[in-house]
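Colleague: Structure incoming, see below.
The values are calculated or read from the model by the stated rules, or taken from the named source; none is laboratory data. Just so it is clear, the structure is predicted and the values come from calculations on it, not from any experiment. FYI the Cβ positions are ideal-geometry reconstructions off the backbone, even for glycines, and counts take in every protein chain you see. All accessible areas refer to the heavy atoms of the entire protein, side chains included, with ligands and DNA or RNA removed. Shrake-Rupley method; radii C 1.70, N 1.55, O 1.52, S 1.80 Å.
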Amino acid sequence: QVQLVESGGGLVQAGGSLRLSCAASGSIGSYNVMGWYRQAPGKQRDQVAIISSIGTTNYANSVKGRFTISRDNAKKMVYLQMDSLKPEDTAVYYCNLKLIGQDYWGQGTQVTVSS
């Protein structure tokens with residue numbers, strides 16, 4: 001059974017930084033894609049950044065140059081370094097793992113950026 005547990009959310013002022021972590025447990029295979037999505041109140045859940053097990057990354061235009069996704073395959077961890085945070089980055093951030101035919105989500109962690 002695959003489980004994802006996020007940590008690192010919180011309250012930060014605009015211009016500040018936060019680092020999110022996601023720990024995966026269970027069998028996640030040798031090839032997968034892990035990533036971060038976010039959902040603000042009243043809005044749909046959107047992709048923020050994804051990274052494959054071979055290191056290929058993709059970012060939403062709104063976070064390019066400010067956020068950095070990374071992973072540690074040996075530890076089954078994925079990270080999201082968020083710099084130059086803006087109030088519009090406020091949302092619940094969810095960790096995601098995609099395997100062939102399977103999709104897993106963490107419980108989410110709240111990120112609040114005050115102006």
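Colleague: Which numbered condition in (1) open to solvent by 20 Å² or more (accessible area, probe 1.4 Å); (2) part of a strand (DSSP E or B); (3) free of Cβ contacts under 8 Å to residues at least 40 places away in the same chain is the only one that residue 51 fails?
Modeller: Going through (1) open to solvent by 20 Å² or more (accessible area, probe 1.4 Å); (2) part of a strand (DSSP E or B); (3) free of Cβ contacts under 8 Å to residues at least 40 places away in the same chain one by one, residue 51 breaks only (1).
Colleague: Within segment 13-42, restricting attention to residues that are closer than 19 Å to residue 60 by Cβ and more than 17 Å from the chain's Cα centre (by Cα), which residue is surrounded by the most Cβ atoms within 10 Å (Cβ to Cβ)?
Modeller: Here is the first cut: in segment 13-42, the ones closer than 19 Å to residue 60 by Cβ are 14, 17-20, 22, 33-42.
After this cut, where a residue has to be more than 17 Å from the chain's Cα centre (by Cα) as well, the list is 14, 41-42.
On the way: 14: 13, 41: 7, 42: 5.
Ranking the candidates gives 14 first.
Colleague: Are there any pairs with C-beta distances below 6 angstrom linking a residue in segment 58-81 that is on the phi > 0 side of the Ramachandran plot to a residue that is at pLDDT 95 or above, with the two at least 6 apart or on different chains, and if so which?
Modeller: Close Cβ pairs (under 6 Å, with a partner that is at pLDDT 95 or above) amount to 76/24.
Colleague: So which of 84, 7, 30, 21 ends up being over 27 Å from residue 115 (Cβ atoms), of a type outside the set (Val, Ile, Thr) and in contact (Cβ under 8 Å) with a residue 12 or more places away in the chain?
Modeller: Working: 84 fails: over 27 Å from residue 115 (Cβ atoms); 7 fails: over 27 Å from residue 115 (Cβ atoms); 21 fails: over 27 Å from residue 115 (Cβ atoms).
Being over 27 Å from residue 115 (Cβ atoms), of a type outside the set (Val, Ile, Thr) and in contact (Cβ under 8 Å) with a residue 12 or more places away in the chain holds for just one of 84, 7, 30, 21, which is 30.
Colleague: Quick test for you: out of 29, 16, pick the one residue that is within 20 Å of residue 85 (Cα to Cα), assigned to a loop (DSSP other than H, G, I, E, B) and small (Gly, Ala, Ser). Give the derivation first.
Modeller: Working: 29 fails: within 20 Å of residue 85 (Cα to Cα).
None of the others qualify; the one that does is 16.
Colleague: Having 3 or more residues that are closer than 23 Å to residue 32 by Cα, modelled with pLDDT of 95 or more and open to solvent by less than 60 Å² (accessible area, probe 1.4 Å) is the bar; report the strands (runs of 3 or more DSSP E) wholly within segment 60-105 that clear it.
Modeller: 67-72, 77-82, 91-99
Colleague: If I filter segment 1-12 down to residues being open to solvent by 20 Å² or more (accessible area, probe 1.4 Å) and assigned to a loop (DSSP other than H, G, I, E, B), which single residue comes out as nearest to residue 102 (Cα to Cα)?
Modeller: 1
Colleague: Would you say residue 103 is free of Cβ contacts under 8 Å to residues at least 12 places away in the same chain and acidic (Asp, Glu)? Break it down into steps so the answer makes sense when it comes.
Modeller: On the way: free of Cβ contacts under 8 Å to residues at least 12 places away in the same chain: yes; acidic (Asp, Glu): yes.
So residue 103 fits the description; yes.
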